[in-house]
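Read through the structure below, which is laid out as structure tokens, and then see the notes.
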Amino acid sequence: MAQVGIVMGSDSDMPVMAKAADILKELGISYEMRIISAHREPDEFFEYAKTAEEKGFKVIIAGAGMAAHLPGMCAAIFPMPVIGIPMHTTSLGGRDSLYSIVQMPTGIPVATVAINGGANAGILAAKILATSDKEILSKLKAYTASLKDSVVAKDARLQKVGYEAY
Ligand code: RP5
């Protein structure tokens, strides 16, 4: 059974959603990835959201753009955490997606990451699972330490070669 459901409104969202999947894969977390449009196929969407709990999902990562109702409607039906990813859009720069996802009514929260924040959505899902899974917690700690190591290595190179050659 997959621990995380990843769902996107269109295949045009894939480059961003793939970053969430990459992180989950790196941390050894199982996921199911789907393309389901709440607007273009509402019956399929409701079936997906209504069966998500029995499929074993503990978190849903939902990404959508423009009038982005997919994450909020997942949160209306699925009883566990929903993480929303607002897609960048050409017309309004993703503000349309961001406001649609983040401005949820009281009682139905969506944990909204930055515009195109696919990787952070994956990390946040892992952190939620880590509250009850020591193995994921230790992998997350190692991941965070690797971020520090990479900055330290970049600074060491800057000190060595100088900014002109960097
Ligand atoms: C949303 O509309 C999708 O999540 C996507 O971000 C946006 C555009 O979809 P396409 O027209 O590219 O299929 O539902």
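The values are calculated or read from the model by the stated rules, or taken from the named source; none is laboratory data. Computed from a prediction, not measured in an experiment: that's the story for all the values here. Side chains included, ligands, DNA and RNA excluded: accessible areas come from the protein's heavy atoms. Shrake-Rupley method; radii C 1.70, N 1.55, O 1.52, S 1.80 Å.
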What part of the accessible area of the chain, given as a whole %, is carbon or sulfur when the probe is 1.4 angstrom?
57 percent
Where does each of 128, 36 land when they are ordered by accessible area, with a 1.4 Å probe and the largest first?
128, 36
Euclidean distance between Cα centres, the stretch 4-41 to the stretch 115-159, Å
19 Å
Given the pairs 19/50; 19/141; 19/58; 50/139, which are separated by over 22 angstrom at their Cα positions?
19/50; 50/139
With just the Cα atoms of the chain, tell me how far they stretch along each of the three principal axes, in Å, largest first.
59, 42, 29
Once phi is turned into θ = phi - 60°, what whole-Hz ³J(HN,Hα) does the Karplus curve with 6.51, -1.76 and 1.60 give for every residue of the stretch 20-35, x standing for Gly and Pro?
5, 5, 4, 5, 4, 4, 4, 8, x, 9, 7, 8, 10, 10, 9, 10
Cα axis of helix 118-130 to longest principal axis of the chain: angle in degrees, 0 to 90, nearest 10?
80 degrees
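From largest accessible area down, sort 164, 44; use a 1.4 Å probe on the protein chains.
164, 44
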How far, in degrees from 0 to 90, does helix 42-51 lean away from the longest principal axis of the Cα atoms of the chain, to the nearest 10?
70 degrees
Between residue 115 and residues 5 or more places away or on another chain, which pairs have amide H atoms under 5 Å apart, with H built 1.01 Å from N, and which residues are they?
none
For the chain, calculate the relative contact order in percent as a whole number, restricting contacts to Cα pairs under 8 Å that are 6 or more residues apart.
22 percent
With all protein chains modelled, accessible area of residue 14 [1.4 Å, Å²]:
70 Å²
For the stretch 94-166, accessible area per residue (1.4 Å probe, heavy atoms of protein chains only), Å²:
68 Å²
Students sometimes get this wrong: rank 144, 131 by accessible area, probe 1.4 Å, all chains present, largest first.
131, 144
